[in-house]
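The values are calculated or read from the model by the stated rules, or taken from the named source; none is laboratory data. None of the values given here were measured: they were computed from a predicted structure. So basically every Cβ, Gly included, is an ideal-geometry build from the backbone, and we count neighbours across all protein chains shown.
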Amino acid sequence: MKCPFCGFDDSKVVDSRPKDGKIKRRRECTKCSARFTTFETVEKPLLMVEKKGGTYEPFNRNKLIQGIFSAIKKRPVTIEDVSGIADYVENHFANKLMTVAKSKEIGELVLERLKDIDSISYIRFASVYEDFTDIESFVSIISELERK
């Protein structure tokens with residue numbers, strides 16, 4: 001690790017501990033003895049999303065969270081639940097080393113998690129994701145929930 005003070009290429013780790021899902025390291029330059037902090041995180045591959053129309057766009061965690069928030073409005077779902085769903089989706093594709101995901105796959109993963117958290121939020125998200133156009137679609141998904 002290059003020292004930010006003198007630019008020397010060697011440093012030693014003085015302390016290391018986990019913090020906010022990262023590894024925080026206190027380092028000391030072996031030349032000037034200056035101390036500095038670095039954070040180590042896992043590098044995830046860039047995930048591209050294939051839209052229904054065949055176009056591609058980079059995965060946007062904030063866009064996913066906004067979509068989930070519109071479904072959970074005024075429901076007993078916590079911010080931690082929403083963040084957990086977004087983490088689940090990101091990790092699902094990262095663990096498989098996938099660089100392209102269909103928007104349909106992402107929606108199905110979100111629905112899978114929402115079904116266990118809150119049925120009303122699940123129905124709301126499904127109505128947008130599945131593009132419900134009639135009452136029959138709502139009745140069908142509600143019947144499916146009641147069977148389970």
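Being free of Cβ contacts under 8 Å to residues at least 12 places away in the same chain and of a type in the set (A, V, I, L, M, F, W, C) narrows it down to one of Phe132, Phe36, so name that one. Quick ask: steps written out before the conclusion?
Numbers: Phe36 fails: free of Cβ contacts under 8 Å to residues at least 12 places away in the same chain.
The match here is Phe132.
Restricting to the stretch 11-38, and then to whatever is among the acidic types (Asp, Glu) and surrounded by 11 or more Cβ atoms within 10 Å (Cβ to Cβ), can you tell me which residue is nearest to Val100 (Cα to Cα)?
Asp15
State all residues of the stretch 68-80 that are surrounded by fewer than 19 Cβ atoms within 10 Å (Cβ to Cβ), of a type outside the set (Val, Ile, Thr) and within 17 Å of Phe125 (Cβ to Cβ); if no residue qualifies, say none.
Matches in the stretch 68-80: Phe69, Ser70, Lys73, Lys74, Arg75, Pro76.
Among what's in the stretch 39-59 and is loosely packed, with under 13 Cβ neighbours inside 10 Å, touching a strand residue (DSSP E or B) at 6+ places or on another chain (Cβ under 8 Å) and not in a strand (DSSP E or B), pick the residue that is modelled with the highest pLDDT.
Among those that are loosely packed, with under 13 Cβ neighbours inside 10 Å, touching a strand residue (DSSP E or B) at 6+ places or on another chain (Cβ under 8 Å) and not in a strand (DSSP E or B), it is Lys51.
Determine, yes or no, whether Thr99 is exposed (fewer than 15 other Cβ atoms within 10 Å of the Cβ), modelled with pLDDT of 95 or more and hydroxyl-bearing (Ser, Thr, Tyr).
When the stated conditions are applied, Thr99 does not pass them.
Within the group Ala94, Ala126, Ala101, which residue is in contact with a strand residue (DSSP E or B) (Cβ under 8 Å, 6 or more places away or on another chain) and either closer than 16 Å to Ser83 by Cβ or among the small types (Gly, Ala, Ser) (or both)?
Only one candidate passes the filter, namely Ala101.
From the list Ile65, Ile72, Ile23, Ile79, exactly one residue is assigned by TED's automatic domain parsing to the domain that holds Ile123 and either in contact (Cβ under 8 Å) with a residue 24 or more places away in the chain or more than 25 Å from Val128 (Cα to Cα) (or both). Which is it?
Matching residue, one of Ile65, Ile72, Ile23, Ile79: Ile72.
Of the residues that sit in the stretch 64-81 and are touching a Ser or Thr at 6+ places or on another chain (Cβ under 6 Å) and not in a helix (DSSP H, G or I), which one is nearest to Glu105 (Cα to Cα)?
For the stretch 64-81, the residue satisfying everything is Val77.
Could you tell me whether Ile106 is touching a strand residue (DSSP E or B) at 6+ places or on another chain (Cβ under 7 Å), assigned to a strand (DSSP E or B) and aliphatic (A, V, I, L, M)?
Spelling it out, it is not the case that Ile106 is touching a strand residue (DSSP E or B) at 6+ places or on another chain (Cβ under 7 Å), assigned to a strand (DSSP E or B) and aliphatic (A, V, I, L, M).
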